[in-house]
Amino acid sequence: MKCKGANLNRAIKDLFIAGTETTSTTILWTILYFLNHPNIQARCYKEVQDVVGSGRLPSMKDRSNMPYIQAVLQEVLRIANIVITGPPHTVDEDVIFNGYVIPKHTVVFANIDSVLADDGVWGDAGVFRPERFLDENGQLVKRDEFIPFSMGRRVCLGESLAKMELFLFMTTLIQRFEFKPVNPNNLPTLKGILGLTHSPTQYEVIAVPRWT
Ligand code: HEM
């Protein structure tokens, strides 16, 4: 019984650690991209107004009617790429991959960045362009190369939860505030800092309430 309790304790800590920094860092990146692209922020606000209005909070029922905001969040996850290599894994038997032998017990990392930042895949990988995730009718398109949560059997356990949280937090923030730079002539840098996650350089923002 003691062992089960310790496992549960560890599992809850794992979920907490893996689930907080990642989501909050993505929100910080989204606001930073809004400061650098006010037209994109304005289009998100229009979608919130058209679908939700200001009389109630956004809910998950609204998500399928808000493809633009979903495309913006996907583009933030792609370009900011907060878990650049993913955590380390170990091969549990000798593996031959593309002609290379990877011996048992070798530590391997998945270079997620090699896909999310690949010009061969995206054409203009360095450009913040949410439209790449929309079709000609403005509907969300699925791109197999969109792998910020990694892929395969060890894909992020919290992918659905993270997408849900990001949608609810961001739509509510967009509904309530307009984000403005402190100095429009000197926008905060989009250059990130690489640590446990890839996070934005510290910046200041003015959150102007949309109600009076
Ligand atoms: C924007 C948010 C998030 C991103 C970008 C993200 C990304 C990732 C990535 C790249 C991995 C590594 C997968 C691999 O080993 O190949 C991972 C693993 C994991 N994530 Fe997330 N994550 C996010 C949010 C969350 C949330 C909200 C939770 C749970 C509350 C969570 C729980 C986990 C767990 C438990 C693992 C380990 C899975 C395993 O090793 O089997 N993540 N995540």
Query - Degrees, to the nearest 10: 67-80 long Cα axis against longest axis of the chain - result: 50
Query raised in the report: Lys/Arg Cβ at +1, Asp/Glu Cβ at -1, dipole of the chain taken about the Cα centre: which of Met66, Leu168, Thr25 is farthest positive-ward?
Result: Leu168
**Report entry** Selection from Ile79, Val155, Ala117 lying farthest towards where the dipole of the chain points positive, charges on Cβ
**Finding:** Val155
**Report entry** Longest to shortest principal axis, alpha-carbon extents of the range 57-96, angstrom
**Finding:** 51, 21, 19
Report summary line: Comparing Ala80, Ala162, Ala11 in a Gaussian network model of the chain (Cα, 10 Å), the one with the largest mean-square fluctuation is Ala11
Report summary line: Among Val121, Val182, Val108, the residue with the largest mean-square fluctuation in a Gaussian network model of the chain built from Cα contacts under 10 Å is Val108
Report task. Just report the Cα centroid separation between the range 17-62 and the range 67-140, whole Å. Result -> 22
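Shape verdict for the range 147-212, please, from the Cα gyration tensor: rounded (a/c under 1.5), prolate (a/b greater than b/c) or oblate. Mind showing how you got there, number by number?
On the way: a/c = 4.03, a/b = 1.46, b/c = 2.76.
Oblate.
For the range 2-209, what relative contact order do you get, as a whole percent, if you take Cα pairs closer than 8 Å and at least 6 residues apart?
Numbers: 248 pairs, mean separation 55.4, N = 208.
Dividing the mean separation by the residue count of the range 2-209 yields 27 percent.
Can you give the Rg to Rh ratio of the chain, both from alpha-carbon atoms, with Rh computed by the Kirkwood formula? Write down the numbers at each step before the final one.
Numbers: Rg = 19.4 Å, Rh = 19.1 Å.
Answer for the chain: 1.01.
Report in % the part of the accessible area of the range 2-209 that belongs to carbon and sulfur, leaving out ligands and nucleic acids; probe 1.4 Å.
Percent of accessible area from carbon and sulfur atoms in the range 2-209: 58.
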Query raised in the report: Which of the lysines could a cross-linker bridge to Lys142, judged by Cα under 19 Å and excluding same-chain residues fewer than eight apart?
Result: Lys163
Report task. Given the peptides 60-66, 173-179, arrange them by the average over their residues of other C-beta atoms within 10 Å, most packed first. Result -> 173-179, 60-66
Requested in this report: Per DSSP H run of n ≥ 4, the term is -39500 (n - 2.57); total these for the chain, divide by its residue number, and report the mean residue ellipticity at 222 nm rounded to 500 deg cm²/dmol.
Outcome: -13500 deg cm²/dmol
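Let me spell out the model: positive unit charges on the Cβ of Lys and Arg, negative unit charges on the Cβ of Asp and Glu, origin at the Cα centre of the chain. What dipole size does that give, in debye rounded to 20? Kindly include the intermediate steps, with their values, before the conclusion.
Details: 22 positive and 22 negative charges, 172 e Å.
Result for the chain is approximately 820 debye, rounded to the nearest 20.
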Report summary line: Taking a straight Cα-to-Cα line shorter than 16 Å from Lys13, and setting aside same-chain lysines fewer than 8 residues away, one finds Lys4
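How big is the equivalent ellipsoid of the range 1-71 along its three axes, where each semi-axis is √(5λ) from the Cα gyration tensor, reported in whole Å from largest to smallest?
Semi-axes, largest first: 36, 17, 8 Å.
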Query raised in the report: Is any residue of the range 194-212 close enough, with backbone N under 16 Å, to a label point placed 7 angstrom from the Cα of Ala117 along the Cα-Cβ axis, and if so, which?
Result: 194-201
Requested in this report: Mind telling me which of Asn183, Asn98, Asn137 comes out most flexible in a GNM of the chain, alpha-carbon contacts under 10 Å?
Outcome: Asn98
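The values are calculated or read from the model by the stated rules, or taken from the named source; none is laboratory data. Please read these numbers as outputs of a predicted model, since none were measured by experiment. Because the Cβ atoms are built from the backbone with ideal geometry, glycine has one as well, and the counts that use them run over all protein chains shown. Heavy atoms of the whole protein, side chains included, go into the accessibility calculation; ligands, DNA and RNA do not. Shrake-Rupley method; radii C 1.70, N 1.55, O 1.52, S 1.80 Å.
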